[in-house]
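See below for the structure under consideration.
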Amino acid sequence: MLAYLPRPPTDSSRYGTFPQKPDLPAAPGAPVEDGGQKAAAAAAKRGAAMPNYPSAPRHGGFVPGEPSLPPSRGSLSTQQHRGRPSWCPPPAPQEAAARFYPLHALSVANIPNSSRGKTSARSSTAPTPEGLQGRRCKLLEEDSPMAQAGRRQRQRYVTKVGKCQVNLGNIQDKKRFLSDIFTTIVDLKYRWFLFVFMMCYIITWVVFGFIYFLDAWVRGDVWHRGDPEWQACIENVDGFVSALLLSVESQRTIGYGTRMVTANCAEGVILLIAQSIVGSMIDAMMVGCMFVKISRPKKRAQTLIFSKNCVISLRDEKLCLMFRVGDLRESHMVDAKIRAKLIKSRQTAEGEFIPLEQSELNLGYDTGEDRLFLVEPQIICHVINRHSPFWDMSAESLRREQFEIIIILEGIVEATGNPVLATGMTCQARTSYTEDEILWGYRFEPCMSLEKGAFQVDYSRFEMTFEVQTPAASAKELQELRELEQQEHSTLSLYWDQLVQPCALPGP
């Protein structure tokens, strides 16, 4: 429960993807701004909320600039992270140049280095010694005991492989499991399932063997073995081992012919009938459980893969949270559907604490985009709008949140041609993403190409991402800025119409 409580705000502005401009404080006793000053203030607000959009270049593809980090608490010398070694110097606020990109490369993927594997491509400029020392201090901070203790306290609700980390305990009414014995046996692990499977047969063989031996001992067949004048009820049974062999031969319909039940006693015939019925019931149940357990599509989910990270970037001028799914088999899923759940604890206005509250993330349910034709890897998109829980979450506030996104992919396993398996079985694959696994300002690299008249999927690029220019502001702030721009545009249009209108009037 404590792992999902909101984390205290920390000064993590220097870990942002792109630099931010500071908000200049208003001078005391400043006069009231007129219309032009208001427009300039609105433009400055847009520049502060959207630091990743550089101005138009004048003499080249790159825009030079020296933006400074926003001072939030005191001077920069006092903003050292807790746990920073004493010999690490504070980060230089003005020395490191900001990373800006050319306007024509806003959505062009950087070619990753082969030695870096699945990591995203970074800038090729050589870092300064101060930058190297700052990175070293940052790594030492991440490896500090306090940081490791914080990571150890983080408990996932669902693992990356889809296993739910929830243990059920203190169940008083356990007879409910016996009422559904078939499902209980199927849900057992294989070692316990095989143990139950063998014990069902062994116990029935031993019990009926003991009854056979007791009947032969009471009637005296044990003492008259080989006597041609004795009318035995059970022939050739002189001990418990021979009676056990008779039980196994009768239940498994082996029938060697040396030991058998004769018609000289009615109880022997009734005992043989009862064992045949019990043996058929055990065969039907255990073989059915074995077949269902083997044919369950649970292992089919091992070939449904998800990307390791989520990304947040602009798509059609909207902030979107995206991840990638893929199917490694050539036999595809039928009627595949995907949905997402946000797991986050919160406190109500009345003071009630709701641990691990589940809320739905819209992945295109109203438009049908949640139904997938999963032939090639697809990027699933969640548009961050007013109904999204990430509506007022920016790049900086994302690092202070603590939540988990559960992804559930369901589909019907394609028919294999076996008449018994002609009816498809539903398969479910799950994974999860925490706030540390969401990359702000990244996109997935394409992994499909056209080769020899067919589309080729390169799964080695399945996890690769590249950095793009993305505003660090939240979707709510971006929407407010768009509305402000529209309002300014309409005001300027009206003002221009008023200026042009007298010129358009006819002369006297």
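The values are calculated or read from the model by the stated rules, or taken from the named source; none is laboratory data. Computed from a predicted structure; not experimentally measured. Reconstructed Cβ throughout: ideal geometry from the backbone, glycine too, with neighbour counts over all protein chains shown. To get the accessible areas, we keep the full protein, side chains included, count just its heavy atoms, and leave off ligands, DNA and RNA. Shrake-Rupley method; radii C 1.70, N 1.55, O 1.52, S 1.80 Å.
So what is Rg over Rh here for region 300-477, counting just Cα atoms and using Kirkwood for Rh?
Checking Rg against Rh, the ratio lands at 1.01.
Which trypsin sites (Lys or Arg not before Pro) from region 150-216 combine a DSSP loop assignment with at most 12 other Cβ atoms within 10 Å? Walk me through the numbers on the way to the answer.
Numbers: sites: ARG151, ARG152, ARG154, ARG156, LYS160, LYS163, LYS174, LYS175, ARG176, LYS189, ARG191; in loops: ARG154, ARG156, LYS160, LYS163, LYS174, LYS189.
Passing sites in region 150-216 are LYS163, LYS174, LYS189.
What do you reckon, how do PHE240, PHE455, PHE213 stack up by accessible area (1.4 Å probe), largest on top?
PHE455, PHE240, PHE213
Which of LYS160/LYS189; LYS174/LYS344; LYS175/LYS337; LYS163/LYS452; LYS299/LYS452; LYS337/LYS452 have a Cα-Cα distance over 29 Å?
Pairs exceeding the cut-off: LYS174/LYS344; LYS175/LYS337; LYS163/LYS452; LYS299/LYS452; LYS337/LYS452.
Say R0 is 22 Å: what FRET efficiency, to the nearest 0.05, do ALA349 and GLN479 get from their beta-carbon distance?
After rounding to 0.05, the efficiency reads 0.30.
For the residue pair GLN402 and LYS174, what label-to-label distance in nm results when each label sits 7 Å from Cα along the Cα-to-beta-carbon direction?
It works out to 3.4 nm between the two label points.
Compute the separation of the alpha-carbon centres of region 285-314 and region 462-501 and state it in Å as a whole number.
Comparing the Cα centres of region 285-314 and region 462-501, I get a distance of 45 Å.
What length, rounded to one decimal in nm, is gained on full extension from GLN486 through to ILE273, with 0.36 nm per residue of separation minus their alpha-carbon distance?
On the way: separation 213, 0.36 × 213 = 76.68 nm, distance 8.85 nm.
Contour length minus Cα-Cα distance gives 67.8 nm.
Taking the alpha-carbon centroid of each part, what is the distance from region 336-373 to region 204-232 in angstrom?
Cα centroid of region 336-373 versus Cα centroid of region 204-232: 69 Å apart.
Can you give the charge dipole size of region 186-295 about its Cα centre, rounded to the nearest 20 debye, using +1 on the beta carbon of Lys and Arg and -1 on the beta carbon of Asp and Glu?
580 debye
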